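Here is the structure we will look at.
Just so it is clear, none of the values below were taken in a lab; they were calculated from the coordinates. Keep in mind that what you see is a predicted model, and the values were worked out from it rather than measured. FYI the Cβ positions are ideal-geometry reconstructions off the backbone, even for glycines, and counts take in every protein chain you see.
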Amino acid sequence: MSETELFDAASAPESELDEDDRLKPAFVSAVLEAVDAGDFEAAHALVEPLHPADIADLVELSPSEDRPALVSAIADLIDGDVLAEMNDYVREVLVDALTAAQVADLASEMDTDDAVAIIEDMEPEDQREVLKALDPDDRAAIEEALSYPEETAGRLMQRGLIAVPEHWSVGDVLDFLRGEEELPTDFWEIFVVDPAHKPVGTCALSWILRTPRVVRIADVMKREQTLIPVDMDQEEVALRFQKYALISAAVVDPNGRLVGVITVDDVVHIISEEAGEDILRLSGAGEGDINEPVLASYKGRVRWLIANLGTALIAATIITLFEGTISKMVALAALMPIVAGVGGNAGTQTMAVTVRALAMNQLTQSNTWRAIQREISIALLNGLTVALVIGAAVGLFYGHPMLGAVIAAAMMANIVIAGLAGVIVPLTLDRFRADPAVASSVFVTMTTDSMGFFVFLGLATISGLVG
């Protein structure tokens, strides 16, 4: 690609995005070719018009061995907004290459929650160096955030907010907003506080702009508000935003004083993160990040494979108990994986629905029995349908009606068992404060495999099928 073509591409960065808003491979290659050729000016010109999130994508999409040269070429474009959008693993490597002063400069440009996300993953000694290099106000805010447990509102909230006393008029608020130099970049609501700095209401900017200056802010504010305790889990925070359609919400300390604000852009990220986390936990795939180091991915996945190996050995032991039955009718060996496999799929369906309901707070003690009854009903209908199909097919294929009846009964029983396991296992784990997304799949798979083999081979034995 010629230099002219490179600059033409840079003039219309939106054309370099594919349908999924990811950078086109041709664009990424063009930037890397310019960097590899030592033409940093051309690479810089290509990247400069991009949105910070797209610059972060560019670094992530580049091979790890090419990233140092790319970052050097566009160093002045790697600001706090870019770091905030970057994948955790890629960002960690980049931050490790910076001095404490450089990290502090970047952190000072960012919202408190984004700065905390960078600093919290650093080694304690590096953390201290960065905090020492920060402005005293920024340092105090970040140190306070780091004092809260991970994945809580205290880590998620921003300290930058607008709070005014309730005795002010709308005119006082407008004058304050116009005269104050250090205001948050983006805000939609103004919090109204009492003398103890406890929130007593909120006022949307749209209300303030449409209200005469002489009106007291207390007369136009909305007194009903959703307050977020500083130690609330981030997943619960996301559920509150979703339930009450919030744009922002005040965060309060144990004494009820206003200490921060959480905005919807942070919550969207949390919703996506938590949903992906649960899916990956159900599959035992660890964090599932393609930028995660190979060894870390191995450690995260191998323990679940070992656990599954244990459940497989239990199933194998059950098969061994019926070795004599299987030896008399080889068809049983071909058919028994069908019973276990379909039962496993049925259990996974129910388990996924139950784990999601627990995560969304849709399943509580008040409706648990109703949920169990519902899943039993679904399992009975599914079991009856599949049993009729497999029973007729096996009976006709093998010319043995009794074999068809046995596998139909076993299929019916295992699907019902799978439905019960899929709902009871996550509920039990949740009751004992264990994460149902992490361990449910192991127990449900063990139940459906073991019981599938046991019921099918047991019915074949007692029915006289192989007498």
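Brief remarks follow.
- Signed unit charges on C-beta, dipole axis of region 294-462, positive-most listed residue M451, Q349, V386: Q349
- Efficiency of FRET from Cβ geometry, V302 and A333, R₀ 41 Å, rounded to 0.05: 0.85
- Structure-derived Rg/Rh (Cα atoms, Kirkwood Rh): which label, when the choices are [x] 1.05; [y] 0.96; [z] 1.10: [z]
- Per-pair calculated FRET efficiency, R0 = 30 Å: V268 and T368 via Cβ, rounded to 0.05: 0.50
- Estimated inter-spin distance, R213 and L313, nm [label 7 Å along Cα→Cβ]: 8.1 nm
- Annotation: amide H of S169 within the under-5 Å range of I217, sequence separation 5 or more or interchain, hydrogens built in the peptide plane.
- Ellipticity estimate at 222 nm from DSSP helix runs (n ≥ 4, -39,500 (n - 2.57)) divided over the chain, nearest 500: -21000 deg cm²/dmol
- Extension gain for H167 to E151 (0.36 nm times residue separation, less C-alpha to C-alpha distance): 2.2 nm.
- Label zone of L396 (point 7 Å out along Cα→Cβ, amide N under 19 Å): in region 308-344 this covers 335.
- In this calculation the C-beta distance from D175 to E125 is compared with R0 = 60 Å, giving a FRET efficiency of 0.80.
- Value of Rg/Rh across region 163-281 [Cα atoms, Kirkwood radius]: 1.03
- Couplings 3J(HN,Hα) of region 184-192, computed from phi: x, 5, 10, 7, 10, 10, 10, 8, 9 Hz, in residue order, whole Hz [Karplus 6.51 cos²θ - 1.76 cosθ + 1.60, θ = phi - 60°; x for Gly and Pro].
- Counting DSSP beta bridges with both ends in region 163-281, the antiparallel % (nearest 5): 70 percent
- Of the DSSP H helices in the chain, those whose Cα atoms cover at least 20 Å axially and whose Kyte score averages 1.6 or more: 401-431
- Rounded to two decimals, the Cα radius of gyration of region 294-462 over 2.2 N^0.38 Å is 1.13.
- Bridge type composition, the chain - antiparallel percent by DSSP, nearest 5: 75 percent
- Projected over every direction and averaged, the convex hull enclosing the alpha-carbon atoms of region 68-183 yields 9.0 nm².
- Extension reserve of the L61-L381 stretch, reckoned as 0.36 nm per residue once the Cα distance is removed: 110.5 nm
- Computed 3J(HN,Hα) for region 155-167, one whole-Hz value per residue from the Karplus formula 6.51 cos²θ - 1.76 cosθ + 1.60 where θ = phi - 60°, is 7, 7, 6, 9, 7, x, 8, 10, 10, 10, x, 6, 7, glycine and proline marked x.
- Each part gets one Cα centre, and for region 319-390 versus region 119-191 those centres are 51 Å apart.
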